[in-house]
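The values are calculated or read from the model by the stated rules, or taken from the named source; none is laboratory data. Just so it is clear, the model here is predicted, and its values are computed rather than measured. Cβ coordinates were reconstructed from backbone atoms using ideal geometry, including for glycine residues, and neighbour counts include every protein chain displayed. What goes into the accessible areas is simple: the full protein's heavy atoms, side chains included, and nothing from ligands, DNA or RNA. Shrake-Rupley method; radii C 1.70, N 1.55, O 1.52, S 1.80 Å.
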2 protein chains.
Amino acid sequence: MPRTRPESSATGPVRLGPDARTALRPAGAGIDAGFWHTRREVNARTSIPQGPDLLEAAGNLHNLRLAAGTTKGEYQGAYPFVDTDVYKWLEAACWQLAQQPSLASDPTPEDPGADSGADPGPGGLAADVDRIIALVADAQRPDGYLNTWFQVRKGDQRYQDLRWGHELYCAGHLIQAAVAHHRATGGTALLDVARRFADHIDTVFGAPGSGRPIDGIDGHPEVETALVELYRETGERRYLDLAGYFVERHGHGLLGGEAYCQDRVPLRAAATVEGHAVRQLYLLAAATDLATETADAELRAVTERLWHAMTSTKTHLTGGVGAHHDEEDFGDPYELPNERAYCETCAAIASIQWSWRMALLTGEARYSDLIERTLYNGFLAGVSLDGERWLYVNPLQVRDGHTDHGGDQSARRTRWFRCACCPPNVMRLLAGLEHYVCTTDADGRGLRIHQYVTGRHTGHIEGADGGPVVVRAETDYPWDGTITLTVEEAPGDAPWTLSLRVPQWCRSYRVRCDTRPDHRPDHRHDRHDQDDAPAADGWLRLERTWAPGDKVVLELDLAPRLTAADPRVDAVRGCVAIERGPLVYCLEQVDHPGGGLDDIVLDTAHGLTLRHRPDLLGGVTTVLATGHRRSAPAGGWWPYRTVEAAGGTVEAVDPAPPTGGPAPGEPVELTAIPYYAWANRRSGSMRVWLPTS
Amino acid sequence: MPRTRPESSATGPVRLGPDARTALRPAGAGIDAGFWHTRREVNARTSIPQGPDLLEAAGNLHNLRLAAGTTKGEYQGAYPFVDTDVYKWLEAACWQLAQQPSLASDPTPEDPGADSGADPGPGGLAADVDRIIALVADAQRPDGYLNTWFQVRKGDQRYQDLRWGHELYCAGHLIQAAVAHHRATGGTALLDVARRFADHIDTVFGAPGSGRPIDGIDGHPEVETALVELYRETGERRYLDLAGYFVERHGHGLLGGEAYCQDRVPLRAAATVEGHAVRQLYLLAAATDLATETADAELRAVTERLWHAMTSTKTHLTGGVGAHHDEEDFGDPYELPNERAYCETCAAIASIQWSWRMALLTGEARYSDLIERTLYNGFLAGVSLDGERWLYVNPLQVRDGHTDHGGDQSARRTRWFRCACCPPNVMRLLAGLEHYVCTTDADGRGLRIHQYVTGRHTGHIEGADGGPVVVRAETDYPWDGTITLTVEEAPGDAPWTLSLRVPQWCRSYRVRCDTRPDHRPDHRHDRHDQDDAPAADGWLRLERTWAPGDKVVLELDLAPRLTAADPRVDAVRGCVAIERGPLVYCLEQVDHPGGGLDDIVLDTAHGLTLRHRPDLLGGVTTVLATGHRRSAPAGGWWPYRTVEAAGGTVEAVDPAPPTGGPAPGEPVELTAIPYYAWANRRSGSMRVWLPTS
């Protein structure tokens, strides 16, 4: 048995401070085989190692040298926040280093074939990190300020355009990267830079009467949650206070009162999520951090209310959020378009980051339900299977005849974006993914498993009879619903609780405990049996005096299913979606020759069948369904027809002419693939929601 | 009988040149009572007279003085095209003057109570026009160039930002205003300014090898069709040639190849309409003008193809076009969202202007069918009933719980916009509306009535037995389907054809001719009887030797009807719209207390009934229908539910809890109002398309 790694609470995002009040605490987890391991391997071997060259080619590193005065030339990039591409890449690289501690101190990997074996390329990942940190440090002004756009292009005219300048936003990502670097390596090179900048900000910004010259906020939240993390990493309470100041000053018109900038209404008074989706969610993550660290019950209630408003009325089936291309913002309740779903990849990431904080704070399983859904669908669709191409927006439909004008918001995957916020954001989430898997209960008497991966989870049972706990999970999830958990280490004779999340989508499951001879329960549980207490809140609690060798086998029913939406979601009236387990499925044009997708009708009377295709898209289980193509409607110039008049039902004004192609009613076999895998083959139309008549 | 006015072909938009080849030619028409007369009275008495003060307040006139050097101060307005607000207002005022010729020469109206009696305010409309024309003339550079943005803000750095600068776009609207002024008043003060600018442009722009320094186009088409009109007004062929040059140079990458700027593909190679809707349609109007004036059969075929593509796949039920807020552009085929319908008021106007040119060119009734639909719905919704407030975008739905952030694109009417393109555009179309009503046949043997208004239509029958024709139309359309036409003047004993458009929406009609005793046909026609030749192409042709006193009574069936869309219009699957005659109807929240609109289901088994409400919204016929409110769906945190799984149909995961409010199934009386009249009362939700289950 390999040596247990240290608890990831020490090395991942969200380390709780000493005064934090939560239901759950981060625990350690590993991912060493299976679905997410494969995706993380691609991240470690392709996406992250290619980062430095891409940042060099796009000019981000050049801009740092310009700011440092070590090179000459034109500033590169059209946005004032291009520094964050560097910072997010650094954060990703640091979480990656945390999994391969040898890399952190030795640029030559000792075991390049190891299970999380990134190929750091010449010089190694750690060397790249050190080199780029040095560029960042060189660019910093002596007083701590750092922003290449303003230093190079704006003659250091600081904080005069807080609405669009993104200076504090950039500071936030710098701080996040520095916290990651410090947690992963123990090094302070970047943390020192971040603290100097944070200290500088703390001398500039503050409420009227604070003695600080500027009472202001940034148009793009991010510094708030970063400052909480800096507080957690350093113990300096003034960073937490500064975070609180920024959070509370949103919504008071300091930026003109725009919802886009999260300035229309104070967070505590907000009724729903609104404005630019990423900005809203980064701000809410910070609010949850503050509620966590300060035991602010009102702020907690606000975050619970807004999470409910988002999830119940403004979230796509994929977990994606953000209905509008224009302003990248949330729409109205139940305004969830398909082809114009914005669902920015960064917004999916922000939703996951916020929901994780909510899961820790409240202990409720639904937050990890949403994380699961978003991870497998709205988030993962953002990166190609080969890790080299990206989607900025993640629509749920691409029409037949779609005209794609390219650009960042294309429905075709792109090597890198002009506004390259998403790719390094995906990298950092994937590199730190194991931190969203497992927690310990705040009372110290249990371990909870939030996400089903293959790997080794570690926690600590508190108390006199406590000690380390190690549970090994093995699963081929999401292709197979069986998860086998083996207790590898347990602290003695006292009972503790192993809690398993029964996903919200799961209608039935079975659990078997192979423990010592006196315990052999074997239950089949129905999700909706209200007497079935173990799963009523989504958690299946198994309290035992666990011993090494004890096994739990959880079998989740992965029968494919058809899903309908609340009837107020106008965009999908009369449609269903195919789902299986946590996966949302879609049809792609490439699998359906002989016609477009927009004429296809799903015949619900036929069943759904599964076919696992190891050859397809890196290995996916497809869902086969039966449909037919509608006859082509009216060939006239006007696409609307009278269906009923005062005199009763009438014929169509333009009756459908005969057409070529399959006759209506002739069955068409439909092959649905997981949504995350779309747009990895020939481009063409795609649909998640399928009409049923 | 009042004296017959001159043919409006002399005073309206689109006067054909001597070489034009068309099926129809503009004829004269008047509108002196009824629906459109009321709307035009508001335009003449409120909207147009308020223009100068609004242009003064917004700074447009100040900018002209700045450019002339007659005042000092800051440039006003954030866009380089604010001059066009002035030009479009001038065009509107000139078409208004054309109806009140006394105003053109005398600032004191002799008969302020006359039927088209605008209240021109102190000094009169003609004086306002003269005063503002003088400001425009003063601002012009000696070489003919005129653009206040570039003269005042950009140090006369001309034509260096053709993609965004709008210099030729502004020139186009100046030329259109000058043509209107000359046609309306005979004056040349503005025409001289416009010709100097056009002549200057003709020295600057041209194909490589032409000797002109710049081979370029403007990002926003408009100068093209304006130059054709200038050719028509002056007879100078080089203006037509210059228009042709600009039209043909679109789509060759001169502006980077963006669809937004109509630069992705040459028009002759285009398969569908795309990019910014107003830009596309202004360009297509110019292409139709060129096909008309040069008998270019290929270009005609292009315009017919693109009109069909627009109308059959990219037009909302209201006639509105433009699916996307982002880039204000056309979407994909059948991408016709409701709450996010952009349907800019200017795009409706552009569609009408283009379709009119197509109607003249081809003689086909469907172009006037679309004009009618757009006029009564997508266009007219753009102005409030009192003529003082405006909509820039015209959605087909405003949701319950809609958050309106205000601004130009608000769903609430606005006094004036930051980008004030729409209000003066509405004014100029309404002021010139009679020019879209009536034509003569190109062979000189008939008169065609395109739109049903109360007024006097005039034409000329050609040939030895020809002479003037006057037909008086009386109708309470669109509230009543009876149109009575009385021949007041006819040229002798030879037969000619009075053609009446039988609207595309009309399923049955009756026509009675009270002519001399030997003609008393009385037919009831069924629209879809293919043997009924008179209406097969939408034109009911009545060939007679007409004599004064002959009457034709056309009765169009105005039974209210339910309309469904092509099933590829995903946005309205499972929904119908209520229509009556040319009017699209909608529900407004204010008429449906006790709950929102998004839970309402229309019960199609119940009939539709009419109730005329002279008290409501200036007098409208409402359509009453019956519906019910759905029970509130699942109260859980996730708005999607499993409806069927491999094991068969299953219960909802979250069964609907009991709710307050009306029980489902309890009938709710629905009151539908004409769409054009929405947003004139308390703001709230609105729906055109209603779910039926």
Which residue, B:125, A:643, A:567, has the largest displacement toward the positive end of the dipole of the protein assembly as shown when charges sit on each Cβ (Lys, Arg +1; Asp, Glu -1)? B:125
Using a 7 Å Cα-to-Cβ projection, residue B:403 label spacings across copies, nm, ascending: 3.2
Straight-distance crosslink candidates among aspartates and glutamates, where the alpha carbon sits under 12 Å from residue A:314 and sequence neighbours closer than 8 are dropped: A:274, A:329, A:332, A:335, A:566
From the backbone phi of region A:182-199, what are the Karplus-calculated ³J(HN,Hα) couplings (6.51 cos²θ - 1.76 cosθ + 1.60, θ = phi - 60°) in whole Hz, Gly and Pro given as x? 5, 5, 7, 10, x, x, 10, 4, 7, 4, 4, 4, 5, 5, 4, 5, 4, 5
Percent RCO, i.e. relative contact order, over chain B, from Cα pairs under 8 Å lying at least 6 residues apart: 13
Near residue B:88, which aspartates and glutamates are there with a Cα under 17 Å away, not counting those fewer than 8 places off in the same chain? B:53, B:56, B:128, B:130, B:167, B:222, B:224, B:229, B:344, B:388
Setting aside same-chain residues fewer than 8 positions from residue B:72, which lysines have a Cα under 19 Å from its Cα? B:154
Taking R0 as 41 Å and r as the Cβ-Cβ distance between residue A:681 and residue B:305, the FRET efficiency 1/(1 + (r/R0)^6), rounded to the nearest 0.05, comes to 0.80
Can you give me the solvent accessible area of residue B:298 with a 1.4 Å probe, rounded to the nearest 10 Å²? 100
Here the whole-number average of other chain Cβ atoms within 10 Å per Cβ of A:557-566 is 6
Note down the accessible area of residue A:403, probe 1.4 Å, to the nearest 10 Å². 40
Ordering of B:597-608, A:445-456, A:542-553 by packing [mean C-beta count within 10 Å, highest first]: A:445-456, B:597-608, A:542-553
Under a point-charge model restricted to the Cβ atoms of Lys and Arg (+1) and Asp and Glu (-1), what is the dipole moment magnitude of region A:145-252 relative to its Cα centre, in debye to the nearest 20? 140
Cα-Cα pairs in chain A separated by more than 40 Å, as a whole percent of all pairs, come to 32
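Provide a whole-number value for the mean count of partner chain Cβ atoms within 10 Å of the Cβ atoms in peptide A:397-406.
Other-chain Cβ atoms within 10 Å of each residue's Cβ, averaged: 5.
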P(r) for the protein assembly as shown, please, calculated from all Cα pair distances in 10 Å bins and given in %. 1, 8, 15, 19, 19, 15, 11, 7, 3, 1, 0, 0
Sorting from shortest, the nanometre distances separating the label point of residue B:268 (7 Å past Cα along the line to Cβ) from those of the same residue in the other copies are 6.9
As an exercise, use a Förster radius of 56 Å and the Cβ-Cβ distance of residue B:138 and residue B:590 to find the FRET efficiency, rounded to the nearest 0.05. 0.70
Among B:352, B:367, B:379, flag the residue with its Cα farthest along the positive direction of the charge dipole of region B:342-407, charges on Cβ as +1 for Lys/Arg and -1 for Asp/Glu. B:367
Defining the label point at 7 Å along Cα→Cβ, can you sort the distances from residue B:682 to the same site in each other copy, shortest first, in nm? 5.7
Assigned charges on the beta-carbon of Lys, Arg, Asp, Glu; chain A dipole about Cα centre (debye): 340
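Sequence gap at least 6, Cα distance under 8 Å: using those rules, report the relative contact order of region A:334-429 to the nearest whole percent.
Relative contact order here is 33 percent.
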Grab the beta carbon distance between residue B:252 and residue A:38, set R0 = 45 Å, and tell me the FRET efficiency rounded to 0.05. 0.45
Cα lying deepest toward the dipole's positive end in chain A, options A:592, A:239, A:280, charges on Cβ: A:592
Place a point 7 Å from Cα of residue B:410 in the direction of its Cβ. Which residues in region A:252-275 have their backbone N less than 20 Å from it? A:252-266, A:274-275
Descending accessible area (1.4 Å probe), largest on the left, turns B:380, A:610 into A:610, B:380
Rounded to the nearest 10 Å², what accessible area does residue A:303 have for a 1.4 Å probe in the complete protein model? 0
Inter-chain Cβ neighbour average for residues A:272-281, partner chain, 10 Å: 1
